[in-house]
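Asker: There's a structure below that I have some questions on.
The values are calculated or read from the model by the stated rules, or taken from the named source; none is laboratory data. This structure is a prediction, so every number in the text was calculated from the model and none was measured. For neighbour counting, all protein chains shown are included, and Cβ atoms are generated from backbone atoms with ideal geometry for every residue, glycine included. Side chains are part of the model used for accessible areas, which takes the heavy atoms of the whole protein and leaves out ligands, DNA and RNA. Shrake-Rupley method; radii C 1.70, N 1.55, O 1.52, S 1.80 Å.
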Amino acid sequence: MKCRQCGSELMDGSKYCNFCGQTQEETLEPVSQRIFLGDYEVTAFDHEPEEIPLSDDPILDRDHPLSAMKEASTGRPARKEHLILLALLLLIIGLSAFGVQTIASRRRSRETLAASQAAQLKEAEIKEQRDAYLRKYRELLVLAQSQEVTLKTNLDELLRISNWSWLNNIFLDGFYDSMVNKFRDSETFKTMTNRNAAMGDVFTALEEPPAGLEKVKTHALKLRDQSRKITRAFSETMGETTISDIEGWLDDYTKILENARAAL
């Protein structure tokens with residue numbers, strides 16, 4: 001018998017080579033059997049197989065995630081993990097949409113509040129303008145009422161003077177004119193003139209009425225103009241203007257004053 005390794009002559013039945021130490025027993029080839037366990041395929045040996053390090057096993061390698069192990073065994077992605085990821089994605093989308101809607105709703109609320117406050121301020125401003133205008137108008141009415149009394153007093157005085165005008169033609173030359181001049185120097189006449197000027201000053205503040213008070217301005221304008229007309233008639237030499245004219249204008253003034261009060 002010869003050595004299977006070095007070819008040296010050995011005694012029959014030798015288990016080892018005396019020259020190279022090689023085992024001379026026949027090596028049996030491992031017999032394998034394929035066994036299927038569910039989705040896994042296992043190869044069974046009739047003797048202990050060669051050890052395979054865990055790091056070389058794609059199934060048992062602990063560095064591989066669970067999803068990779070299942071993909072290696074089944075060839076399909078893990079359905080459960082996909083459902084979880086989908087649910088998380090939907091949750092994130094829902095929360096994002098809710099957040100955007102909440103922000104937009106709050107912004108609309110702030111804009112609505114700002115618009116409401118602006119409208120209230122505008123309304124308050126308009127109300128204040130109207131109130132201020134009406135206060136000036138009432139001030140004008142007070143002056144106009146006092147002026148009415150003064151105008152009637154001056155008219156009565158002028159009528160009294162006119163009753164003595166016949167003396168001017170008989171023997172007292174210039175008597176009537178002197179009485180008229182004396183009348184124009186009286187305190188009542190000066191009061192009429194000053195009050196007429198005051199009415200003009202107050203009307204200046206009524207030149208631009210707020211919306212809705214245009215008619216009020218019209219009444220104020222009529223009062224001012226009629227007062228000026230009568231005052232001017234008293235101030236000028238009578239000429240073509242008669243006492244009857246002044247009486248008619250004063251009656252008109254009274255009616256204008258009544259209409260002006262009704263405008264409130």
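Asker: Over 24 Å between Cα atoms, which of Lys136/Lys182; Lys127/Lys215; Lys182/Lys222; Lys182/Lys229; Lys190/Lys215; Lys136/Lys255 qualify?
Answerer: Distance filter (> 24 Å) returns Lys136/Lys182; Lys182/Lys222; Lys190/Lys215.
Asker: Considering only protein heavy atoms and a probe of 1.4 Å, how much of the accessible area of the range 101-154 is carbon and sulfur, as a whole percent?
Answerer: On the range 101-154, the fraction of accessible area on carbon and sulfur atoms equals 54 percent.
Asker: Name the residues whose placed amide hydrogens come within less than 5 Å of the amide hydrogen of Tyr16, ignoring near sequence neighbours (fewer than 5 apart) on the same chain.
Answerer: HN-HN under 5 Å from Tyr16: Gln24.
Asker: Separate question: State to the nearest 20 debye the size of the charge dipole of the range 188-239 about its Cα centre, where the only charges are +1 on K and R beta carbons and -1 on D and E beta carbons.
Answerer: Charge dipole, the range 188-239, about its Cα centre: 220 debye, nearest 20.
Asker: Over the range 192-250, with the other protein chains present, what is the accessible area per residue in square angstrom, probe 1.4 angstrom?
Answerer: 52 Å²
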